[in-house]
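The values are calculated or read from the model by the stated rules, or taken from the named source; none is laboratory data. Keep in mind that this is a model prediction, so the values were computed, not measured. Using ideal geometry, Cβ is built from the backbone for each residue, glycine included, and neighbour counts are taken over all protein chains shown. Only protein heavy atoms, including side chains, enter the accessible area calculation; ligands, DNA and RNA are left aside. Shrake-Rupley method; radii C 1.70, N 1.55, O 1.52, S 1.80 Å.
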Amino acid sequence: MADPVPDPDVLLERGWLPPEAADRLCVTLLGELPWSVHRIRMFGRWVDSPRLSCWLGDPGTDYAYSGGHFEPLPWPPILAELRDRLAIELGAPFNSALANLYRDGNDYVGWHRDNERELGAHPFIASISLGASRRFVLRANDDAQRQMEWTLEHGDLLVMAGSTQQYWKHALPKSAKVKQPRINLTFRVVRP
Ligand SMILES: O=C(O)CCC(=O)C(=O)O
Ligand SMILES: [Mn+2]
């Protein structure tokens, strides 16, 4: 019999950012990041990504995902500070971040894995949520029934590590009820 698929290696720390710091970060990023629609490849076609995004990172951390190729913008000070705090607390040399803006519940990200070659064999990803609460769902690659989900809230930190990207997909589904924006920051370690 095949080895069972391991549980995802996920850690959720509620309120990692205190509310005032999360508010300040959310307002600053909403106003100051150069948000744009990324073109991504889905089922062999180029389409607009159903959210706004912005890549940030050290020089040389170019990143290819969903068929696109992205050169990072330099770190704004407020994100460099956050990156450094995460790096110390989690012991990971984060050098890149994808910022995503879900304008309301119509914006989403579909099922995918963050398993690009640049992230290495065991991608280590720290994800910060700001603004509206949204459902985040993990599903085993080989078994759509094996699923777990969390509602990610303002200031929460979610870490995905180990073999999570190998055996599990994740998604942030649409939610008609949500009228407010949400920002998500995923800090990553990109290798050349
Ligand atoms: O918005 C989220 O919480 C997840 C975003 C995500 O999975 C990604 O950008 O790769
Ligand atoms: Mn992802």
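Rounded to whole Hz and in sequence order, give me ³J(HN,Hα) for segment 35-40 from the Karplus expression 6.51 cos²θ - 1.76 cosθ + 1.60, θ = phi - 60°, writing x for Gly and Pro.
Karplus-based 3J(HN,Hα) across segment 35-40 equals 5, 8, 7, 8, 8, 10 Hz.
What does the extension gain come out to for residue 145 and residue 5, with contour length at 0.36 nm per residue minus their alpha carbon separation?
Difference between extended and current length: 49.1 nm.
Anyone know which of 15, 105, 31 comes out most mobile in the 10 Å Cα GNM of the chain?
Answer for the Gaussian network model of the chain: 31.
Please state the shape class of segment 109-186: rounded when a/c is under 1.5, otherwise prolate if a/b exceeds b/c and oblate if not, all from the C-alpha gyration tensor.
oblate
May I ask you to derive the relative contact order of segment 9-188, considering only C-alpha pairs under 8 Å and at least 6 residues apart, and to give it as an integer percent?
Once normalised by length, the contact order is 29 percent.
What is the magnitude of the charge dipole of the chain about its Cα centre, with +1 placed on the Cβ of each Lys and Arg, -1 on the Cβ of each Asp and Glu, and no other charges, expressed in debye to the nearest 20?
Computed charge dipole of the chain: roughly 680 debye.
Taking amide hydrogens as modeled 1.01 Å from N in the peptide plane, which residues meet the under 5 Å criterion relative to residue 105, leaving out close sequence neighbours?
178, 179, 180
Report, to the nearest whole %, how much of the accessible area of segment 1-82 belongs to carbon and sulfur atoms, 1.4 Å probe, protein only.
The computed percentage sits at 57.
At 1.4 Å probe radius, can you tell me the per residue accessible area of segment 9-188 in Å²?
That works out to 48 Å² per residue.
Determine by what factor the alpha-carbon radius of gyration of the chain differs from 2.2 N^0.38 Å, reporting the quotient.
Relative to the rule-of-thumb radius for its length, the chain sits at 0.98.
Hey, what number do you get for the chain at 222 nm if only DSSP H runs of n ≥ 4 count, each worth -39500 (n - 2.57), divided across all residues, to the nearest 500?
It comes out at -5000 deg cm²/dmol, rounded to the nearest 500.
Quick one: putting +1 on the C-beta of Lys and Arg, -1 on the C-beta of Asp and Glu, what dipole do you get for segment 36-110 around its Cα centre, in Debye to the nearest 20?
So the magnitude is around 320 debye.
If I stretch the segment between residue 14 and residue 113 completely, what's the gain in nm (0.36 nm per residue apart, minus their alpha carbon distance), one decimal?
That pair, residue 14 and residue 113, stretches by 33.3 nm at full extension.
Mind giving me the nanometre distance, one decimal, between the label points for residue 103 and residue 46, set 7 Å out from Cα along Cα→Cβ?
Distance between label points: 2.1 nm.
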